[in-house]
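A.B. asks: What follows is a structure written as C-alpha cells; I'll ask about it next.
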Amino acid sequence: MKLPTTDDTGRGQVGIGTLIIFIALVLVAAVAAGVLVNTAGELQSRASDTGEDAQAQVSNQIDVVSATGAVGSNNVNEITLVVKKSPGSDPIDLDEATIQYTSASDSATLIQGTGFTVDEVTGDGDNVLDTTDERLEVTIDLSSSPSAIDAGGSAELKIVDQSGASTVYGVNVPDVLSGDYVQV
C-alpha cells in the first residue's frame, strides 16, 4: 500500500492570487461602504430639511382677526384685514408674503408695497408677526387691478408666507352696501 503524497508545488501561487483578489474585494467593499455612508448622510440631511419645511408649511398659519371693506359706488374697493399669527407658528414676515386674489371676474398675485400694504396695529415696529399678541393691518386696494367687488359678490384671498404656508380667507360682500365700511 502506497501512502498518499502531498504535492506542494504550485500551491503558493494560487494562494497569493487568491489573497490579491480578496484584498481587492475588501478595498472595493470599503469604497462602496464609504459611498453608502456619505449618501445616507446626505439623504438624512435632506429629509430633515424637508421635514422642517413641511412642518413650517403646516404650522405657520395667519389668523384673520377682522375684515372690513371700504364702500365705493355699489362695490367694495378696498379690503382691510387685521391679522395675527396662530399659536405655535414661527415668526411670519409679511414683507415676504404674497396674496393670491381670486374673484369671479379677476385674479392677481399681489406683493407687499404694490398690491397691498402692511401697517402695525400692535407690535414691535416691524412687519413680522413674532408673537400671538401682535396685530398687523393688511390693506388691499381694489380700485384698479384687481378690480372692486360688487355688492353680493365674493373673492378668495390666499396669503402665502415666506415658508410657503398658506391661509385662505373668503371675502363675502353684503347684497346691500350702506355706510363707509362693511364687514366682509
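The values are calculated or read from the model by the stated rules, or taken from the named source; none is laboratory data. Small disclaimer: the values here were computed from a predicted structure and weren't measured. As a convention, Cβ positions derive from the backbone with ideal geometry for all residues, glycine included, and neighbour counts pool all protein chains shown.
A.B. asks: Of the residues that make up region 75-94, is at least one of a type in the set (A, V, I, L, M) and out of contact with any strand residue (DSSP E or B) (no Cβ under 6 Å at 6 or more places or on another chain)? Please lay out each step first, then the result.
C.D. replies: Of the residues in region 75-94, the ones of a type in the set (A, V, I, L, M) are 76, 79, 81-83, 92, 94.
Subsequent filtering for residues that are out of contact with any strand residue (DSSP E or B) (no Cβ under 6 Å at 6 or more places or on another chain) retains none.
No, region 75-94 contains no residue that is of a type in the set (A, V, I, L, M) and out of contact with any strand residue (DSSP E or B) (no Cβ under 6 Å at 6 or more places or on another chain).
A.B. asks: On to the next question. Can you name every one of the strands (runs of 3 or more DSSP E) wholly within region 57-166 that holds 3 or more residues which are modelled with pLDDT of 90 or more and in contact with an Asp or Glu (Cβ under 9 Å, 6 or more places away or on another chain)?
C.D. replies: 62-71, 75-85, 98-103, 116-122, 135-141
A.B. asks: Here's a follow-up. Look at region 99-121 and say how many of its residues are among the hydroxyl-bearing types (Ser, Thr, Tyr) and within 25 Å of ASP133 (Cβ to Cβ).
C.D. replies: Residues flagged as among the hydroxyl-bearing types (Ser, Thr, Tyr) and within 25 Å of ASP133 (Cβ to Cβ) within region 99-121 amount to 1.
Conditions tested, residue by residue: (1) surrounded by fewer than 17 Cβ atoms within 10 Å (Cβ to Cβ); (2) in contact with a Pro (Cβ under 9 Å, 6 or more places away or on another chain).
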| position | (1), (2) |
| --- | --- |
| PHE116 | no, no |
| THR132 | yes, yes |
| ALA148 | no, no |
| ALA165 | no, no |
| ASN172 | yes, no |
| ASP175 | yes, no |
